[in-house]
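In what follows, a single structure is set out as structure tokens and then discussed.
Just so it is clear, none of the values below were taken in a lab; they were calculated from the coordinates. Since the model is a prediction, treat every value here as computed from it, not as a measurement. As a convention, Cβ positions derive from the backbone with ideal geometry for all residues, glycine included, and neighbour counts pool all protein chains shown.
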Amino acid sequence: GTRYVDFVVPGLVGMNVMTVCLWGIGWNVVEARARKLLRRLAVTPMKRSHYLLAFVLAHLGLVLVTLGVVLGFAYASFGVGIAGSALDYVVLVSLGSLAFSSMGVLLASRTDNVEVLSGMVNAASLVQLVASGVFFSTARFPDWSLGLLRLMPLTALVDALRGVAIEGRSLLELPMELAVLTAWTVIAGVLGLRLFRWT
């Protein structure tokens with residue numbers, strides 16, 4: 001954990017989770033609404049929750065596949081390993097995927113304009129890419145901002161992944177990070193489901 005590559009790989013994993021889920025779910029749902037495909041689904045027995053859950057689970061699978069690719073490349077090329085439990089690492093990535101999938105559902109819940117969605121996703125992701133410690137530690141930010149930064153889902157995910165990968169910590173030693181990711185999953189998911197419309 002003394003090398004920069006050991007520090008940055010968990011950040012890249014977190015960035016990948018955020019990008020796949022926000023763009024993948026948001027883009028597909030809004031594109032289907034713009035093409036009037038969701039109107040056809042509105043007259044079927046399928047519930048909104050089932051439709052959205054299908055996207056969430058599909059992107060969870062995609063995230064886990066890309067996780068294997070990223071970690072495999074990092075290990076083969078730079079010898080980057082996981083000091084803690086690999087299962088804990090996968091659990092954190094899965095929880096992060098659920099949190100960002102919920103955000104993707106929320107952002108895509110009403111708009112039928114891809115350009116509007118692009119602006120919202122870019123605004124949500126750019127702030128987190130800069131301020132969530134993906135490429136450098138959040139400790140370098142002013143003290144007054146640290147409390148807010150720790151409430152962002154990407155900060156919680158990246159910090160937790162580093163805790164497991166570099167420090168060998170267990171999930172029980174990461175209560176704040178788990179609470180933040182769970183809160184984003186529940187709050188954004190409930191709001192997204194309530195606001196979602198077929199048309």
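Find out how many positive minus negative residues lie around ARG197, taking Lys and Arg as positive, Asp and Glu as negative, among other residues whose Cβ is under 12 Å from that of ARG197.
On the way: positive: ARG33, ARG39, ARG48, ARG110, ARG194; negative: ASP112.
Residues close to ARG197 contribute a combined charge of +4.
Any idea what % of Cα-Cα pairs in the chain are farther than 31 Å?
Working: 4012 of 19701 pairs.
Result for the distance tail: 20 percent.
Any chance you could get the radius of gyration and Dmax over the Cα atoms of region 82-199, in Å?
For region 82-199, the Cα radius of gyration and maximum Cα-Cα distance read 15.4, 48 Å.
What residues from region 140-174 fall in the zone where the backbone N is under 17 Å from a label point 7 Å along the Cα-to-C-beta line of ALA86?
Zone members listed by number: 164-166, 168-169.
If eta is 0.692 mPa s and T is 37 °C, what Stokes-Einstein diffusion coefficient results for region 72-114, Kirkwood Rh from Cα pairs, in µm²/s?
Working: Rh = 13.0 Å.
Result for D is 253 µm²/s.
Of MET18, TYR51, LEU38, which is farthest along the charge dipole of region 1-56 in the positive direction, counting Lys and Arg as +1 and Asp and Glu as -1 at C-beta?
Value: LEU38.
By what distance, in whole Å, do the Cα atoms of region 1-66 stretch along each of the three principal axes, largest value first?
The Cα atoms of region 1-66 stretch 57, 20, 14 Å along the principal axes, largest first.
For the modelled label position 7 Å from the Cα of ALA183 along Cα-to-Cβ, which residues of region 87-122 have backbone nitrogen atoms closer than 14 Å?
none
For the chain, give the magnitude of the charge dipole about the Cα centre (Cβ charges: +1 Lys/Arg, -1 Asp/Glu; no others), in debye to the nearest 20.
Charge dipole of the chain: 960 debye, to the nearest 20.
Given the -39500 (n - 2.57) contribution per DSSP H run of 4+ residues, what per-residue ellipticity at 222 nm results for the chain, rounded to the nearest 500 deg cm²/dmol?
Computed ellipticity for the chain at 222 nm equals -25500 deg cm²/dmol.
Compute log10 of I(q)/I(0) for region 23-110 with the Debye formula, placing one identical point scatterer on every Cα and leaving out solvent, at q = 0.12, 0.22 Å⁻¹, to two decimals.
So the normalised log intensities are -0.48, -1.05.
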